[in-house]
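So the structure is just underneath, and the comments pick up after that.
The values are calculated or read from the model by the stated rules, or taken from the named source; none is laboratory data. Keep in mind that this is a model prediction, so the values were computed, not measured. Here the Cβ is made from the backbone with ideal geometry for all residues, glycine too, and neighbour counts use every protein chain on show. Side chains included, ligands, DNA and RNA excluded: accessible areas come from the protein's heavy atoms. Shrake-Rupley method; radii C 1.70, N 1.55, O 1.52, S 1.80 Å.
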Amino acid sequence: MRRAFLPILPLALLLLLAGTWWAWQHRFEIDPAHPHLTLHDLERSLALEPGAAWEAAPGGETGLVLHSGTTSHPAVQLLPLPLSGPVQFLMFDFAVQARGLTPGPMPWSDGRLMIEWHAPGKPMDPQYLAAARSDQSSGSACLVVRCHHGPAVPVLRVEHLGTSGSFHVPYCRIDTVRESAWWTVGRWFLLGGWFTWTAVLAGWGRTSGPGRPLLAAGVWLFCASQWAVPGPWQSLRPLGPFFAVSEPAGRASFTAPAAPPQKSPASQAGPASAAPAEALGELPFGGSLLLEIKDRIKQARPLFHLLLFFGPALVFALLIGRRKSVLFAALLAGVIEGSQYLFGYGFDSSDWFDLSFDSLGVVLALFVHARVSRWWQARKAASEFASDETSSASQPT
């Protein structure tokens, strides 16, 4: 019966992978209450600060350029987004380009495109979209940013913190999105499916009860959700070129004001000041604690990957045995690297380097498990021997 059931596991795995990909691709839908925005729309709704200018970009787009300012007064431009109210998710399609931009003295002193989130009674939440220096260019065809403390008023921020050159935003297209029912409801079915599949695999061939397989399945699912999908990243990317969103019927349209204001307008809940905007300086790290640790120990990246897999592999070995520990660790490494590739982070020689230290972490976990098992068996045997000796001594001769 077990052998007849065995082919179902690979088929179920393929269905879970496909379901996860499909649900993630359909995670968002366009919010029809808010208009589609471009830099051309923003051009007609505000005046620019010193050092900033509109420019004609290729393809008929309207671009924004910032020329270098001074150390005490860098070029900064705020672009409040004319939306009908607070939002939580914004989808971006944008590009940035530096032209002869000499960075300033600090690591972040370059050209930066950011989004600010402003909500009453809460600290302003700034997030990076892209940065460039020298003659670098960057961008994203589909990137979703979110405000982590609920709906807020977004403000686009462009900064040139270098000492020379210019920073260009050739185009920036913005859509307000919201999570779809496919994700808000479907993710719980996916979690249940993945938990069931891993629990069945963990318990295959065991006769000691379901407790350990269920615990191993929970540990594997937690690691996969934190390290693969949704993952540790602050911004959200599709598992492919684009999220599967379509233009809704009856969507609100943007209406430009009759004449632009004389100064950059304050946001509805945010930077309410008539003075020129100031640079933000270093931003707090974006992403999970795992990414922050990885960022702080760049020079110890091999150690990070070794420890990343040592812990789970040791737990799996203690719960479900050494062979299944290797299998579960391999599945975890596969979903991590596969998701990163589909998210657009690529796969190169550095990833092979990471995988080698992931494997070394698993080997080290198995070595520690073997030593712990031998120590436990010796301790157990000594305890049983002492118990037998005590029982023999207490019997009458």
Completion exercise
Of Ala393, Ala313, the only residue that is at pLDDT 95 or above and among the small types (Gly, Ala, Ser) is Ala313
Practice task
Could you check how many residues of region 325-356 are open to solvent by less than 40 Å² (accessible area, probe 1.4 Å) and over 25 Å from the mean Cα position of the chain (by Cα)?
Solution key: 1
Practice task
Please specify each residue of region 223-249 satisfying the condition of being touching a strand residue (DSSP E or B) at 6+ places or on another chain (Cβ under 9 Å) and open to solvent by 40 Å² or more (accessible area, probe 1.4 Å).
Solution key: Pro230, Gln234, Arg237, Pro241, Phe242, Ala244, Val245, Ser246, Glu247
Exercise for the section: Go through Ser359, Ser325 for me and flag whichever is at pLDDT 90 or above, touching a Pro at 6+ places or on another chain (Cβ under 9 Å) and of a type in the set (Ser, Thr, Tyr). Expected result: Ser325
Exercise for the section: Would you check which residues across region 229-250 are closer than 14 Å to Ile336 by Cα and more than 9 Å from the chain's Cα centre (by Cα) and list them? Expected result: Leu239
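Which of the residues that make up region 114-125 are open to solvent by less than 40 Å² (accessible area, probe 1.4 Å) and out of contact with any Gly (no Cβ under 9 Å at 6 or more places or on another chain)? Step through it out loud before you land on a result.
Looking only at region 114-125, we keep the residues that are open to solvent by less than 40 Å² (accessible area, probe 1.4 Å), and these are 114-119, 125.
Listed by number, the residues that qualify are Met114, Ile115, Asp125.
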Problem - Criterion (under 32 Å from the mean Cα position of the chain (by Cα) and within 19 Å of Phe167 (Cα to Cα)) met by exactly one of Ala33, Ala23, Ala52 - result: Ala52
Practice task
Check Thr198 against each of (1) at pLDDT 95 or above; (2) of a type in the set (Ser, Thr, Tyr); (3) in contact with a strand residue (DSSP E or B) (Cβ under 6 Å, 6 or more places away or on another chain); (4) farther than 22 Å from His26 by Cβ and name the one condition it does not meet.
Solution key: (3)
Problem - Which numbered condition Ser109 fails, given (1) in contact (Cβ under 8 Å) with a residue 12 or more places away in the chain; (2) assigned to a loop (DSSP other than H, G, I, E, B); (3) surrounded by fewer than 20 Cβ atoms within 10 Å (Cβ to Cβ) - result: (3)
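Just to check your reading of the model, which residue among Ala252, Ala277 is within 16 Å of Asp41 (Cβ to Cβ), open to solvent by less than 60 Å² (accessible area, probe 1.4 Å) and modelled with pLDDT of 60 or more? Talk me through it step by step, then tell me what you get.
Details: Ala277 fails: within 16 Å of Asp41 (Cβ to Cβ).
Only one candidate qualifies: Ala252.
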Problem - Cross-chain or 6+ apart pairs with Cβ under 7 Å, region 201-222 first and crowded, with 20+ Cβ neighbours inside 10 Å, then in a loop (DSSP other than H, G, I, E, B) - result: Gly203/Pro210; Pro213/Arg206
Handout entry: Whichever residue in region 63-94 is within 16 Å of Ser166 (Cβ to Cβ) and among the polar types (S, T, N, Q) and, among such residues, is least open to solvent (accessible area, probe 1.4 Å)
Key = Gln77
Problem - Check on Ser359, polar (S, T, N, Q), surrounded by 17 or more Cβ atoms within 10 Å (Cβ to Cβ) and closer than 19 Å to Leu13 by Cβ - result: no
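Hey, among the residues in region 131-141 that are open to solvent by 10 Å² or more (accessible area, probe 1.4 Å) and hydrophobic (A, V, I, L, M, F, W, C), which one's nearest to Gly286 (Cα to Cα)?
Keep residues of region 131-141 that are open to solvent by 10 Å² or more (accessible area, probe 1.4 Å), which gives 131, 133-141.
Checking the rest, the ones that are also hydrophobic (A, V, I, L, M, F, W, C) come to 131, 141.
On the way: Ala131: 14, Ala141: 20 Å.
Filtering region 131-141 for residues that are open to solvent by 10 Å² or more (accessible area, probe 1.4 Å) and hydrophobic (A, V, I, L, M, F, W, C), the one nearest to Gly286 (Cα to Cα) comes out as Ala131.
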Problem - Failed condition for Glu29, given (1) surrounded by fewer than 18 Cβ atoms within 10 Å (Cβ to Cβ); (2) modelled with pLDDT of 95 or more; (3) not hydroxyl-bearing (Ser, Thr, Tyr) - result: (1)
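Whether any residue in region 170-181 is crowded, with 19+ Cβ neighbours inside 10 Å, more than 24 Å from Trp24 (Cα to Cα) and not hydrophobic (A, V, I, L, M, F, W, C) is what I want to check.
Keep residues of region 170-181 that are crowded, with 19+ Cβ neighbours inside 10 Å, which gives 170-172, 174-177.
Narrowing further to those that are more than 24 Å from Trp24 (Cα to Cα): 170-171.
Pick out the ones that are also not hydrophobic (A, V, I, L, M, F, W, C) and you get 170-171.
Yes - at least one qualifying residue is present in region 170-181.
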